[in-house]
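Trainee: Structure provided below as structure tokens; questions to follow.
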Amino acid sequence: MATLGAPVTTGTATRLEVRDLVKRYGAQTAGRGVARRRSRTARGRVRPVGLRKSTLPRSVAGIERVHDGRILLGGRLVADETLHVPPERRELAMVFQDYVLWPHLTVADNVAYPLRRKKIARPEAEKQVTAVLERVGLGDYAVRFPSELSGGEQQRVALGWGLVGRPVLLLFDEPLSNPGADLRERTRVEIATWPGKGRPGC
């Protein structure tokens, strides 16, 4: 069983297992019957029976507490009816459909935020941010502010924020709904080939 003080890390692709997940919203119950469809790992889409589309990734990330069932990352339990490993101990990242950027920070500074929290040295952080911005097609936008970007460009900044920390698992809630068709396909490739600790999921 995972402990609250232990980060969940693996040296290879992280396996995600979701078993009989139940999440309650007042009198409503979401997620009964999840076990009837196995959660696919790595690049697979997860569409469990009866679960709200954002509930599963939010539960896996630790943003939502589950009321029953189990979530395991790399074979380690991170959530059940009594255990809740907090998000910062799961070493995950999640790109939300409703992306939120710091309006007073430049594109580069927004993307660099996870590296600052990890206290990565500035030269190395700048190198990683530059690489990520090139990957998501924003290499020339580093010094711009969110208010100067289109919706699709802001969403790519949020995607860069998720990629830069190289999480063991990267969770998505429709992160490619805004970019144009040509960029969407390119971004899918970049996500799938990004050299993080694990692989994208959900």
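Trainee: Rounded if a/c is under 1.5, else prolate if a/b is larger than b/c, else oblate: which is the range 88-168, with a ≥ b ≥ c the root eigenvalues of its Cα gyration tensor?
Mentor: Values: a/c = 1.67, a/b = 1.23, b/c = 1.35.
Oblate shape, in that a/c is at least 1.5 and b/c is the bigger or equal ratio.
Trainee: Now a separate question. Grab the beta carbon distance between SER54 and LEU105, set R0 = 25 Å, and tell me the FRET efficiency rounded to 0.05. Could you put the intermediate results ahead of the total?
Mentor: Working: r = 25 Å, r/R0 = 1.02.
So the FRET efficiency works out to roughly 0.45.
Trainee: Please get the size of the charge dipole for the range 49-173, origin at its Cα centre, with Cβ charges of +1 on Lys and Arg and -1 on Asp and Glu, quoted in debye to the nearest 20.
Mentor: Numbers: 18 positive and 15 negative charges, 72 e Å.
Around 340 debye, computed over the range 49-173.
Trainee: Now for a different question. Which one, ALA121, MET94, VAL164, is farthest towards the positive end of the dipole of the range 88-168 when Lys and Arg carry +1 and Asp and Glu -1 on their Cβ?
Mentor: It is ALA121, whose Cα lies furthest towards the positive end.
Trainee: So, one more: Pop out the ³J(HN,Hα) list for the range 162-171 in order, Karplus 6.51 cos²θ - 1.76 cosθ + 1.60 with θ = phi - 60°, rounded to Hz; leave Gly and Pro as x.
Mentor: The phi angles translate into x, 6, 5, x, 6, x, 5, 8, 10, 9 Hz.
Trainee: Does anything in the range 105-120 have its amide N under 18 Å from the 7 Å Cα→Cβ label point of ASP140, and if so which residues?
Mentor: 107-108
Trainee: Please sort by residue number the GluC sites (Glu not before Pro) in the range 87-175 whose DSSP state is loop and whose Cβ has at most 16 other Cβ atoms within 10 Å. Write out the running numbers ahead of the final one.
Mentor: Working: sites: GLU88, GLU91, GLU124, GLU126, GLU134, GLU148, GLU153; in loops: GLU91.
Filter output for the range 87-175: empty list.
Trainee: Mind giving me the FRET efficiency for SER150 and GLU88? R0 is 25 Å, r the Cβ-Cβ distance, nearest 0.05 is fine. Mind showing how you got there, number by number?
Mentor: Numbers: r = 31 Å, r/R0 = 1.26.
So, using R0 = 25 Å, E works out to roughly 0.20.
Trainee: Can you list residues from other chains, or at least 5 along the same chain, whose modelled amide H is less than 5 Å from the amide H of HIS84?
Mentor: none
Trainee: With θ set to phi - 60°, apply the Karplus curve 6.51 cos²θ - 1.76 cosθ + 1.60 along the range 115-126 and write out the HN-Hα couplings as whole Hz, x wherever there is a Gly or Pro.
Mentor: 6, 5, 5, 8, 6, 6, 4, 3, x, 5, 4, 4
None of the figures in this text is laboratory data; all of them are computed from the coordinates on show. What you are looking at is a predicted structure, and each value in this text was computed from that prediction instead of being measured. Note: ideal-geometry Cβ built from the backbone for every residue, glycine included; neighbour counts use all protein chains shown.
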